[in-house]
Amino acid sequence: MIYVEFSADKEASPDDEDQWRKANPSFPGRTSETAMLRMRRQLGDDSFRREALGIWDETASVSAINAKDWESAAIDEPDKNGLIGYAIDMPPDRSSLAIGGCIKHADGTANIELRSFESTQSKGSAWAVDWITERWDRTAAVVIDGQSPAMALLPDLKKRHVKVITTNAADMGRACGRFQDMLRDGTLTHLPKDMQPALDVAVANATTRNIGTSGAIGWNKLGTDIDISPLVACTLALYGTFITKRDPNRRQKVMI
């Protein structure tokens, strides 16, 4: 798959026909001068620059996650000892399903991984229930956001005796805040991008949306063709391991 984008020069005049040609290779052949002039009349300057010339606002291309911090946090062989949590997420179009994982270490650091990422068109979603159930005995937390299409899996997980933490908007704000704070402070690690490219793409193309009026944020995406469910799943897995009271590593005392 390849993605190609044409655009005019950053400071191009909306009325410069040479810039029209640069931004739109079909002009003046398939896209006529009349069509371009019609668009020019109907759209304001800013909209015309975006829609016709491919010149995007500076703020629209700023990632929510600091690229240098993210790159610095990559580690080839993370510590596998600690509290394990998972989270499941699906994009609004239900085209894929992501399972994020997190290991919380005794010193308060954590490592996140995209444990599985599959197309629902080819594999469906029921497999995720089996995947989680097989690991439940050794799992401290399983998280699904209450607004995620992945909530459709909740009844089946409950039938398999998996206790799911369901998050709301306020929880999502806390989860994204923890992610950003730990990444900034150097207490969060992840696998290199060649080992989990889908997560790296989601991170690079994530922006933020406001949650409420207190400054909390949630993840959003820069374009309609971007799938950020890998990032959401890993963020919620991180959150779950820090709030859960379940510890499968704790030895049970039996009273006789």
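Cβ-Cβ under 9 Å, sequence separation 6+ or interchain: first residue in the stretch 227-239 and under 9 Å from PHE179 (Cα atoms) and without any contact (Cβ under 8 Å) to a residue 24 or more places away in the chain, partner open to solvent by less than 10 Å² (accessible area, probe 1.4 Å) and assigned to a helix (DSSP H, G or I). Which pairs?
none
Pairs only if they're at least six apart or on different chains, beta carbon under 6 angstrom, first in the stretch 174-186 and over 15 Å from GLU71 (Cβ atoms) and touching a residue at least 60 places away in the same chain (Cβ under 8 Å), second in a helix (DSSP H, G or I) and open to solvent by 60 Å² or more (accessible area, probe 1.4 Å); list them, first residue then second.
From the stretch 174-186, no pairs qualify.
Do you know which of the residues in the stretch 158-180 that are aliphatic (A, V, I, L, M) and more than 17 Å from the chain's Cα centre (by Cα) is nearest to THR109 (Cα to Cα)?
Filtering first and then ranking leaves ILE165.
Is it the case that some residue within the stretch 121-140 is among the hydroxyl-bearing types (Ser, Thr, Tyr), more than 25 Å from MET182 (Cα to Cα) and modelled with pLDDT under 95?
Yes, some residue in the stretch 121-140 is among the hydroxyl-bearing types (Ser, Thr, Tyr), more than 25 Å from MET182 (Cα to Cα) and modelled with pLDDT under 95.
Taking the residues in the stretch 1-14 that are open to solvent by 100 Å² or more (accessible area, probe 1.4 Å) and of a type outside the set (A, V, I, L, M, F, W, C) as candidates, determine which candidate is nearest to the chain's Cα centre (by Cα).
Within the stretch 1-14, the first condition is being open to solvent by 100 Å² or more (accessible area, probe 1.4 Å), and the residues that meet it are 1-3, 6, 10-11.
Subsequent filtering for residues that are of a type outside the set (A, V, I, L, M, F, W, C) retains 3, 10-11.
Values: TYR3: 20, LYS10: 29, GLU11: 32 Å.
The qualifying residue nearest to the chain's Cα centre (by Cα) is TYR3.
Give the number of residues within the stretch 144-190 that are assigned to a helix (DSSP H, G or I), open to solvent by 20 Å² or more (accessible area, probe 1.4 Å) and in contact with a Lys or Arg (Cβ under 9 Å, 6 or more places away or on another chain).
Residues flagged as assigned to a helix (DSSP H, G or I), open to solvent by 20 Å² or more (accessible area, probe 1.4 Å) and in contact with a Lys or Arg (Cβ under 9 Å, 6 or more places away or on another chain) within the stretch 144-190 amount to 2.
Can you go through THR133, THR120 and tell me which one is without any contact (Cβ under 8 Å) to a residue 40 or more places away in the chain, more than 30 Å from PHE6 (Cα to Cα) and in contact with a strand residue (DSSP E or B) (Cβ under 6 Å, 6 or more places away or on another chain)? Let's see the steps before the verdict.
Numbers: THR133 fails: in contact with a strand residue (DSSP E or B) (Cβ under 6 Å, 6 or more places away or on another chain).
Within the list THR133, THR120, the selection yields THR120.
Just to be sure I understand, how many residues within the stretch 193-206 are open to solvent by less than 20 Å² (accessible area, probe 1.4 Å) and not hydrophobic (A, V, I, L, M, F, W, C)?
1
Considering every residue within the stretch 210-231, establish whether at least one is hydrophobic (A, V, I, L, M, F, W, C), outside any strand (DSSP E or B) and open to solvent by less than 10 Å² (accessible area, probe 1.4 Å).
For the stretch 210-231, residues hydrophobic (A, V, I, L, M, F, W, C), outside any strand (DSSP E or B) and open to solvent by less than 10 Å² (accessible area, probe 1.4 Å): present.
Restricted to the stretch 64-74, and to residues that are in contact with a Ser or Thr (Cβ under 8 Å, 6 or more places away or on another chain) and closer than 14 Å to LEU188 by Cβ, which residue is most open to solvent (accessible area, probe 1.4 Å)?
ALA74
For the stretch 104-143, enumerate the residues that are more than 23 Å from LYS193 (Cβ to Cβ) and assigned to a loop (DSSP other than H, G, I, E, B).
Scanning the stretch 104-143 gives ALA106, ASP107, GLY108, GLY124, SER125, THR139, ALA140.
Can you pull out every residue in the stretch 75-121 that is surrounded by fewer than 20 Cβ atoms within 10 Å (Cβ to Cβ), of a type in the set (Val, Ile, Thr) and more than 21 Å from ILE226 (Cα to Cα)?
Across the stretch 75-121, the qualifying residues are ILE75, THR109.
The values are calculated or read from the model by the stated rules, or taken from the named source; none is laboratory data. Bear in mind that the values here come from a model prediction, so they are computed numbers and not experimental data. Backbone-built Cβ (ideal geometry, glycine too); neighbour counts: all protein chains shown. Only protein heavy atoms, including side chains, enter the accessible area calculation; ligands, DNA and RNA are left aside. Shrake-Rupley method; radii C 1.70, N 1.55, O 1.52, S 1.80 Å.
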